[in-house]
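Undergrad: Have a look at this one before I ask anything.
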Ligand code: HEM
């Protein structure tokens, strides 16, 4: 079996898991929840095995081009999806909020589908600038941060959905969604996981830039956007310390933060690079 | 403390407010976007080309170098002042509450605590206190024993006091990073030098309007090479071999040091990074030519140079690629035959499998290419960098600590009752209260077991 087939398998399993999780919510069936979470675990195992296999495959290619599979957009999207599931599973182990998965797993599924459909899955050798252990540390920490923010965003969407629903029909309480307080706390928790990782990600990126180019910060669009994301989440953390910034406003701030995260990750490469390509850089 | 005049108080409250923090952080985020959308540090002409009439406005607002513009620096300055003011204002209170905690849980304090329970024991007050102390010492830090106003015995225990300072460590870390950046921009510099293979440099070229910088030692480039991934034109490694020379002598440990991307050379506070390369002069191509009559000749020439052949024809090197399919280097040759025909031909390092040059009367092979490269090195002195790294480390540790460590406190008040004594437990955790609830309940059970007390005196509801 090749890693590409395993990635397809993982994607399919995530799809099944998502359907199950949606059924949990629709049918209000708690027992189905255990089946759903087992399915997510299966997808995660396949996903992890596929990443490992791709790593091995890169060493089997001629020309000694083996490297950790974190070097291009395709590989990073796949790792992003993996991190999202990982963070979700960790939160599930500790807090057992099954229903959260119905909102989180689609993020991972979307990333996997995007990678399969649009990504270039050829294993390519690393150009000299990428040949650094800092690349691995940098990508891993950044994406764990991004993934935690994705979970925060998913929980915030749940918060807003549930908030809107309970405003319209207050009687509808047993919808298996966690309570608003729990969702708010989960949002905060996800960002508390993500923020130190993002900080580490920016720091390792700066260290790498320092080794490769002799400058740890040069205000290039990618760096600047990571700082923008960092500012937004720092604002989130401090807003909570002031009056009235939990709940809905915190949820919106978390969604804003994740939109900025996505832009930092994808938008900068897809949109801004075009703008800068004439800059003679 | 003497009352401050009103305007000063308003200013102080403004500078210390968390609303200002949230506002500046979001403003910094929003304005930073501009510099990622507008290309930075182009020439006036380029801005005119891309933005037309708006170019002037854009340059007037310093959006062409916005991260160094006055208004962006002012916003950052406000952020730093806010950070310092707010931290300094709160720190003393945090320090006081940590260093001088209330040892006696009075009514007001009890009301403010969310975790409470009461245990009944059959032993005397003193005995209860003596039995409970070792347990508290094991689970928390050593309890402090005092006598309350009504002669009750009070035990106070706590753990992870330092967790209170996580946020302040984080804030200090930010100041370190900013200070490191300032030191770098005041005392550091950034330059570029190119060295031709075999040459030695002793100074860095002058930047605009300044004298060249003396290195104080010599730096020789012994060799520069590019290697490619097998069978592709994708570069694998750029490598310079550098030697440091002091007073005409090679310095031990600094001879033929390989410098590649991601592995710079450090010497006497300067760091040399592999940054670019190029040909110092036109390469010299050594060719072997088999004439139509079977005679073989060897010749060498640079691109553009006409190489005459014995039969009246000539060759000229036009182009070169270091990786032609998987045949290694190859040169594109323009052949001018004796009867005036112009033909393209390829001379490769290896025998071409199918003769691609069937049109040419000469069979060509490339023997070797003498290339003389120069290596381009980025040179920096960055004295602030260690402080920046320290800041990054503290930033991560501080925020992790602020988020995941909780300062937990426990007050026990032991009063005599008719049948023995009553232990009132109260606790607080400065974060992660749900997890503390479990800790608190378990501790209550352990304390009860220690007292062999019956724990049935219903726990008070946690509010
Ligand atoms: C980007 C810059 C900043 C970062 C990364 C940062 C980081 C942090 C962190 C991680 C915490 C702990 C949060 C929590 O307990 O939930 C915190 C708390 C706090 N921050 Fe900041 N901070 C920054 C800027 C500021 C500024 C400019 C101020 C100025 C007023 C400020 C004031 C505070 C205060 C008052 C607290 C609460 C302290 C306490 O719990 O005792 N922060 N900060």
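The values are calculated or read from the model by the stated rules, or taken from the named source; none is laboratory data. Everything numeric here is computed off the predicted structure, so don't read it as measured data. Note: ideal-geometry Cβ built from the backbone for every residue, glycine included; neighbour counts use all protein chains shown.
Undergrad: Which ones in the stretch B:397-415 are within 14 Å of chain A (Cβ to nearest Cβ) and either in contact with a strand residue (DSSP E or B) (Cβ under 7 Å, 6 or more places away or on another chain) or surrounded by fewer than 22 Cβ atoms within 10 Å (Cβ to Cβ) (or both)?
TA: Selection gives B:397, B:400, B:401, B:404, B:405, B:406.
Undergrad: Are any residues in the stretch A:216-245 within 7 Å of chain B (Cβ to nearest Cβ) and not in a helix (DSSP H, G or I), and if so, which ones?
TA: Passing the criteria: A:216, A:219, A:241, A:242.
Undergrad: Suppose we filter the stretch B:164-211 for residues that are surrounded by 14 or more Cβ atoms within 10 Å (Cβ to Cβ) and under 25 Å from the mean Cα position of the chain (by Cα); how many remain?
TA: 24
Undergrad: Right, next: Of the residues that sit in the stretch B:59-78 and are assigned to a helix (DSSP H, G or I) and away from chain A (no Cβ under 14 Å), which one is nearest to the chain's Cα centre (by Cα)?
TA: B:77
Undergrad: What tally of residues in the stretch B:434-463 results from selecting those that are at pLDDT below 85 and under 26 Å from residue B:407 (Cβ atoms)?
TA: Of the residues in the stretch B:434-463, 8 are at pLDDT below 85 and under 26 Å from residue B:407 (Cβ atoms).
Undergrad: From the list B:76, B:97, B:87, which one is at pLDDT below 90 and in contact with a helix residue (DSSP H, G or I) (Cβ under 9 Å, 6 or more places away or on another chain)?
TA: Working: B:76 fails: at pLDDT below 90; B:87 fails: at pLDDT below 90.
Exactly one residue qualifies, and that residue is B:97.
Undergrad: I'm trying to understand the selection: among the residues of the stretch B:28-56, which are within 16 Å of the ligand (Cβ to nearest atom), buried (at least 16 other Cβ atoms within 10 Å of the Cβ) and more than 7 Å from chain A (Cβ to nearest Cβ)?
TA: If the condition is that a residue be within 16 Å of the ligand (Cβ to nearest atom), buried (at least 16 other Cβ atoms within 10 Å of the Cβ) and more than 7 Å from chain A (Cβ to nearest Cβ), then B:31 is the only one that fits.
Undergrad: Given the stretch B:307-381, what strands (runs of 3 or more DSSP E) lie entirely inside it while holding 2 or more residues that are within 14 Å of chain A (Cβ to nearest Cβ) and either surrounded by 16 or more Cβ atoms within 10 Å (Cβ to Cβ) or without any contact (Cβ under 8 Å) to a residue 24 or more places away in the chain (or both)?
TA: B:373-381
Undergrad: Also, quick follow-up: Consider residue B:18 carefully, then state whether it is within 16 Å of the ligand (Cβ to nearest atom), surrounded by 13 or more Cβ atoms within 10 Å (Cβ to Cβ), in the same structural domain as residue B:85 (by TED's automatic domain parsing) and within 30 Å of residue A:271 (Cβ to Cβ).
TA: Considered against the rule, which asks whether it is within 16 Å of the ligand (Cβ to nearest atom), surrounded by 13 or more Cβ atoms within 10 Å (Cβ to Cβ), in the same structural domain as residue B:85 (by TED's automatic domain parsing) and within 30 Å of residue A:271 (Cβ to Cβ), residue B:18 comes out as no.
Undergrad: Consider the stretch B:149-199. How many of its residues are part of a loop (DSSP other than H, G, I, E, B) and within 16 Å of the ligand (Cβ to nearest atom)?
TA: Matching residues across the stretch B:149-199 total 1.
Undergrad: Conditions: (1) under 30 Å from residue B:438 (Cα atoms); (2) without any contact (Cβ under 8 Å) to a residue 24 or more places away in the chain. Residue B:57 meets all but one. Number of the miss?
TA: Unmet condition: (1).
Undergrad: In the stretch B:226-257, which residues are surrounded by 15 or more Cβ atoms within 10 Å (Cβ to Cβ), under 22 Å from residue B:279 (Cα atoms) and more than 11 Å from every other protein chain (Cβ to nearest Cβ)?
TA: Result: B:240, B:241, B:242, B:243, B:257.
Listed here are the residues, each with its yes/no results for (1) surrounded by fewer than 21 Cβ atoms within 10 Å (Cβ to Cβ); (2) away from the ligand (no atom under 13 Å from the Cβ).
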{"position": "A:200", "(1), (2)": "no, no"}
{"position": "A:206", "(1), (2)": "no, yes"}
{"position": "A:209", "(1), (2)": "yes, yes"}
{"position": "A:214", "(1), (2)": "no, yes"}
{"position": "A:220", "(1), (2)": "yes, yes"}
{"position": "A:233", "(1), (2)": "no, no"}
